[in-house]
Amino acid sequence: FDWDKARVFYYVAKLGSQVEASKLLGTSQPALSRQISILEEELKCKLMKRSPKGVVLTRKGNELMDNIEQFFLSMKRFKYSQAVS
């Protein structure tokens, strides 16, 4: 699993826009779109529906978003516990 693509997916999903995510991540919108397409190919499912107004997550996209958020929260807790130790 490619966590760089997951990070791109996360920000596009969270912001609801590939354009806004591209600004935040400092990369082009076509590059983000390609990363998400590759992730969808690797996972063999559609993760989001694109429209001129933004993106809407599919059921599988919502499942992936939940998993990514849980992972990010776990990593933050781990990092915090290491700093306290």
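Rounded to the nearest whole Hz, the Karplus-based 3J(HN,Hα) values (6.51 cos²θ - 1.76 cosθ + 1.60, θ = phi - 60°) of the range 59-76 follow the sequence 4, 5, x, 5, 4, 5, 4, 4, 5, 5, 4, 4, 5, 4, 5, 4, 5, 5, with x at glycine and proline. Remark on G16: its backbone amide H falls under 5 Å from none of the residues 5 or more positions apart or on other chains, H modelled at 1.01 Å from N. Summary value for the range 5-85: 27 percent relative contact order, contacts being C-alpha pairs under 8 angstrom separated by 6+ residues. Note on the chain: Lys pairs 8 or more places apart or on different chains, Cα atoms under 28 Å apart, count 29. With kT/(6 pi eta Rh) evaluated at 10 °C and eta = 1.306 mPa s, and Rh the Kirkwood radius from Cα pairs, the chain diffuses with a coefficient of 118 µm²/s according to Stokes-Einstein.
Among residues other than R7 with Cβ under 13 Å from its Cβ, the summed charge is -1 (Lys and Arg +1, Asp and Glu -1). Amide H contacts for M48 (H built 1.01 Å from N in the peptide plane; partners 5 or more residues away or on another chain; cut-off under 5 Å): T58.
A full extension of the chain between L73 and I38 corresponds to an added length of 10.1 nm, given 0.36 nm per residue minus the alpha carbon distance. Here the Karplus curve 6.51 cos²θ - 1.76 cosθ + 1.60, taken at θ = phi - 60°, turns the phi angles of the range 9-16 into couplings of 4, 4, 5, 4, 5, 5, 8, x Hz, with x standing for Gly and Pro. Neighbours of E40 by Cβ distance under 14 Å: Lys/Arg scored +1, Asp/Glu scored -1, total +4.
Every number in this text was worked out from the coordinates using simple rules, so none of it is lab data. Treat the numbers as computed from the prediction; the structure is a model and nothing was measured. A quick note on method: Cβ atoms are made from the backbone with ideal geometry, for glycine too, and the neighbour counts reach across all protein chains shown.
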